[in-house]
Amino acid sequence: MEYTNLLTEYNDGILVVTINRPKALNALNKQTLSDLRDLFEKDALRLEGLRGVVLTGAGEKAFVAGADITEFNGLDAQGGLHMAQNGHDIFFTIERFHVPVVAAVGGYALGGGCELAMACHIRVASDKAVFGQPEVNLGLIPGYGGTQRLVQYIGKGRALELLMTADMIDASKALDWGLATHVVPHGEEVEKATAILKKIAKKAPIAIAKTIAAVNACFDNEVDGFNQEVLLFAQTVKTDDFKEGATAFIEKRKADFKGK
Ligand code: DAK
């Protein structure tokens, strides 16, 4: 797996992906988005035994400090439409990924960076993390799902205030508001994210994939989430892993899930 702006490390079913543009605070330029698309749409699907992905940023200061502002020059409405659709597609692919994706946020997660973190299933923050959607400072609104997902995580009033003031929040407020689920000392965020994924990796993989799909259905206007849950539940009932899980409980032993 070779990318221009991503570093990858694969061990024991956990893929750690580092956005690697530290001199630009890992800002999301076109190439980085294209790398992320290749990784989540193709390369990661070919990894044998993949059970989780950690997404993080290189350097001490940033997860991702936003879309790359240097690429905005000359952007017209048509270009903006294309750019937003492209970003939405990639971020939906992450949100709908079949294994959990955890953002390990060790610094600025601003604009497109906050949006990327929110497309992940879980966010672990270091005590130096800073979250915000400062697009209005540039005369823009978020273009990668920020107006929708921020409301989902922190509620309409708080989201509107952050989106309209461009205020930034620190890790402890992000934890308090439910944007992050853990705050750890700076430098330990990838380790914590990996530990969460290792815990999930012990569960039945199909049940984990269906859990992600069912929870996503809660925010999908095209489907009835409760109805989706019924359908997805029925799919888990027919798996070998369900038989193994129930049998293991009765036999008082640990289940050995095969993902079938
Ligand atoms: N893009 C490009 N370069 C960036 C960058 C960014 N977003 N953020 C930082 N950098 C670069 C800086 O220019 C600087 O480069 P050099 O001058 O060294 O060459 C380097 O990273 C280090 O940054 P600073 O020197 O500024 O570092 P400080 O510690 O002093 O400040 C900071 C850190 C994060 C507070 C500051 O860099 C900052 O305010 N950065 C910009 C934050 C921001 O406004 N991000 C953009 C949010 S808006 C769209 C879709 C999505 C979006 C927009 C449109 N469409 C579909 C059309 C999303 C928009 C956003 O993300």
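The values are calculated or read from the model by the stated rules, or taken from the named source; none is laboratory data. This structure is a prediction, so every number in the text was calculated from the model and none was measured. Note that we place each Cβ from the backbone using ideal geometry, even for glycine, and neighbour counts take in every protein chain shown. Note: areas computed on protein heavy atoms with side chains; ligands, DNA, RNA excluded. Shrake-Rupley method; radii C 1.70, N 1.55, O 1.52, S 1.80 Å.
Residues that are within 16 Å of the ligand (Cβ to nearest atom) and in a loop (DSSP other than H, G, I, E, B) within the stretch 19-42 comprise Asn20, Arg21, Leu25, Asn26, Ala27, Asn29, listed in sequence order.
Could you tell me whether the stretch 79-98 includes any residue that is closer than 23 Å to Ser34 by Cβ, within 12 Å of the ligand (Cβ to nearest atom), acidic (Asp, Glu) and open to solvent by less than 30 Å² (accessible area, probe 1.4 Å)? No.
Checking each residue in the stretch 137-149 for being within 9 Å of the ligand (Cβ to nearest atom) and open to solvent by 50 Å² or more (accessible area, probe 1.4 Å) picks out Asn137, Leu138, Leu140, Ile141.
Evaluated against (1) surrounded by 14 or more Cβ atoms within 10 Å (Cβ to Cβ); (2) hydrophobic (A, V, I, L, M, F, W, C); (3) farther than 18 Å from Phe97 by Cα, Ala217 falls short on exactly one condition, (3).
Only a single item in (1) more than 23 Å from Ala195 (Cα to Cα); (2) within 16 Å of the ligand (Cβ to nearest atom) is not met by Gln152, and it is number (2). Between Tyr3, Tyr10, the distinction of being among the hydroxyl-bearing types (Ser, Thr, Tyr), under 20 Å from Glu189 (Cβ atoms) and away from the ligand (no atom under 14 Å from the Cβ) belongs to Tyr10 only. Looking across the stretch 43-78, the residues that are surrounded by fewer than 22 Cβ atoms within 10 Å (Cβ to Cβ), within 17 Å of the chain's Cα centre (by Cα) and not in a helix (DSSP H, G or I) come down to Leu50, Arg51, Ala58. On the basis of being within 24 Å of Met83 (Cα to Cα), under 13 Å from the mean Cα position of the chain (by Cα) and not β-branched (Val, Ile, Thr), does Gly143 make the cut? It is false that Gly143 is within 24 Å of Met83 (Cα to Cα), under 13 Å from the mean Cα position of the chain (by Cα) and not β-branched (Val, Ile, Thr).
Residue pairs whose Cβ atoms lie under 8 Å apart, separated by 6 or more positions or on different chains, with the first residue in the stretch 61-74 and near the ligand (Cβ under 6 Å from one of its atoms) and the second in a strand (DSSP E or B) and among the hydrophobic types (A, V, I, L, M, F, W, C), are Ala65/Leu110; Gly66/Leu28; Gly66/Leu110; Ala67/Leu28; Asp68/Leu28.
Yes or no: the stretch 112-125 includes at least one residue that is modelled with pLDDT of 95 or more and loosely packed, with under 15 Cβ neighbours inside 10 Å. Scanning the stretch 112-125, I find no residue that is modelled with pLDDT of 95 or more and loosely packed, with under 15 Cβ neighbours inside 10 Å, so the answer is no. Restricting the stretch 1-40 to residues that are touching a helix residue (DSSP H, G or I) at 6+ places or on another chain (Cβ under 6 Å) and open to solvent by 50 Å² or more (accessible area, probe 1.4 Å) leaves a set whose member that is nearest to Tyr144 (Cα to Cα) is Arg37.
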